[in-house]
1. Could you list, in sequence order, all residues of region 49-79 that are under 16 Å from Thr147 (Cβ atoms) and either among the aliphatic types (A, V, I, L, M) or away from ligand 2 (no atom under 12 Å from the Cβ) (or both)?
2. Find all pairs meeting these conditions: Cβ atoms under 7 angstrom apart; at least six residues apart or on different chains; first residue within region 66-80 and in a strand (DSSP E or B); second residue near ligand 2 (Cβ under 7 Å from one of its atoms).
3. Which condition number in (1) in contact (Cβ under 8 Å) with a residue 40 or more places away in the chain; (2) more than 14 Å from ligand 1 (Cβ to nearest atom); (3) more than 14 Å from the chain's Cα centre (by Cα); (4) within 30 Å of Phe47 (Cα to Cα) is the one that Ile173 fails?
4. I want to confirm something. Restricting to region 92-134 and keeping residues that are open to solvent by 20 Å² or more (accessible area, probe 1.4 Å) and outside any helix (DSSP H, G or I), which single residue is farthest from ligand 2 (Cβ to nearest atom)?
5. Every residue in region 78-105 that is over 13 Å from the mean Cα position of the chain (by Cα) and either within 9 Å of ligand 1 (Cβ to nearest atom) or of a type in the set (A, V, I, L, M) (or both), please.
6. With open to solvent by 50 Å² or more (accessible area, probe 1.4 Å) and under 14 Å from the mean Cα position of the chain (by Cα) as the only criterion, which of Lys159, Lys188, Lys197 stands out?
Amino acid sequence: MFSLTELLSASTHPGYSRPCGFPALLLTAFLFCRIIKTVVKTFKYFFGVRFEVKGLENFEVEGPAIIVSNHQSILDMMGLMEVLPDDCVQVGKKELMYAGTVGLIIYLGGVIFINRKSTTSAKMVMAEVAKTMAADKVKVWVYPEGTRNCTGDLLPFKKGAFHLAVQAQVPVIPVVYSSFTTFYNPKKNLFTSGKIKVEVLPAIETKGLTSGDVSDLTDRCFRTMRETLFRLSGCPSEAKDSS
Ligand SMILES: CCCCCCCCCCCCCCCCC(=O)SCCNC(=O)CCNC(=O)[C@H](O)C(C)(C)COP(=O)(O)OP(=O)(O)OC[C@H]1O[C@@H](n2cnc3c(N)ncnc32)[C@H](O)[C@@H]1OP(=O)(O)O
Ligand SMILES: CCCCCCCC/C=C\CCCCCCCC(=O)OC[C@@H](O)COP(=O)(O)O
């Protein structure tokens with residue numbers, strides 16, 4: 001069994017896409033994350049974005065957890081840093097690793113890279129994480145939509161995060177960011193100042209659940225997060241389509 005530290009360092013795991021021989025220990029990752037967090041948290045002042053955060057106490061579960069959140073755009077990286085717990089790593093697409101300096105920074109920041117084009121490989125990486133996250137006491141942040149989506153609604157959720165939670169028998173903590181559509185739309189070259197509401201929702205327990213319960217768990221999280229998204233965005237029943 002691999003420890004997460006090994007996964008984050010020089011993994012030889014066939015499903016793991018971290019380049020061999022490049023050490024990045026978990027503690028280094030957490031330290032790096034703190035530095036990234038401090039730097040990125042200053043960006044909001046330049047971009048005129050304000051954050052209103054509620055429910056941070058819901059992160060205070062005992063032990064590890066899977067955090068799932070909606071993913072609208074690169075602006076999410078600012079929102080991520082507003083609430084990111086210190087003992088948390090993110091799951092990201094492996095292409096980000098090759099994004100020059102940013103790739104190197106997020107690699108050192110402990111991002112677990114998955115190959116979205118290969119379900120088998122992504123599942124293997126996540127299965128290893130499931131086995132080790134309890135021992136390493138880390139939280140893992142996953143964007144269950146699997147891609148950016150700035151329509152004001154949620155895309156159907158992929159199931160990886162929920163399999164991971166059930167395999168590791170750890171709670172799922174949903175985090176919802178209000179829609180950016182009123183002040184940010186790259187297609188329309190719209191980017192003005194604005195407020196983003198963030199809500200950390202109560203943890204959903206997975207103790208005793210099996211792989212047969214993953215679909216229900218996914219649906220339950222999806223429905224809760226969608227309702228919260230509409231409430232935070234001020235459109236209680238229907239999403240606005242910004243396209
Ligand atoms: C100045 C400084 C500047 C620098 C600053 C830097 C700051 C930033 C630092 C932080 C960086 C953060 C990086 C964030 C990156 C964000 C992203 O990259 S998002 C994109 C990547 N993430 C994801 O894709 C995660 C979500 N996706 C999934 O979970 C998917 O399920 C999948 C694991 C990738 C598999 O994809 P796919 O095959 O398309 O998925 P499904 O349809 O869900 O599943 C098919 C099938 O397989 C079953 N299954 C899925 N996962 C598992 C599993 N782990 N174990 C067992 N089975 C699994 C699933 O149930 C389906 O089967 P079914 O029979 O249909 O149910
Ligand atoms: C014009 C607005 C610019 C705002 C800048 C905000 C602050 C940015 C902070 C750090 C910059 C580096 C971040 C690198 C991480 C990028 C994560 C990301 O958003 O990846 C996309 C990926 O998940 C899904 O990819 P696709 O949508 O499938 O392709």
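1. From region 49-79, those under 16 Å from Thr147 (Cβ atoms) are 68-77; that's our starting set.
If the condition is that a residue be under 16 Å from Thr147 (Cβ atoms) and either among the aliphatic types (A, V, I, L, M) or away from ligand 2 (no atom under 12 Å from the Cβ) (or both), then Val68, Ile74, Leu75, Met77 are the ones that fit.
2. That search, which allows pairs on different chains as well, returns Ser69/Tyr143.
3. Exception for Ile173: condition (3).
4. Among those residues, the one meeting the criterion is Ser118.
5. Answer for region 78-105, where residues must be over 13 Å from the mean Cα position of the chain (by Cα) and either within 9 Å of ligand 1 (Cβ to nearest atom) or of a type in the set (A, V, I, L, M) (or both): Lys94, Glu95, Leu96, Met97, Ala99, Thr101, Val102, Leu104, Ile105.
6. On the way: Lys188 fails: under 14 Å from the mean Cα position of the chain (by Cα); Lys197 fails: under 14 Å from the mean Cα position of the chain (by Cα).
Result of the check over Lys159, Lys188, Lys197: Lys159.
The values are calculated or read from the model by the stated rules, or taken from the named source; none is laboratory data. Quick caveat, the model's predicted, so the values are computed rather than measured. Here the Cβ is made from the backbone with ideal geometry for all residues, glycine too, and neighbour counts use every protein chain on show. Surface accessibility is based on the protein's heavy atoms, side chains included, excluding ligands, DNA and RNA. Shrake-Rupley method; radii C 1.70, N 1.55, O 1.52, S 1.80 Å.
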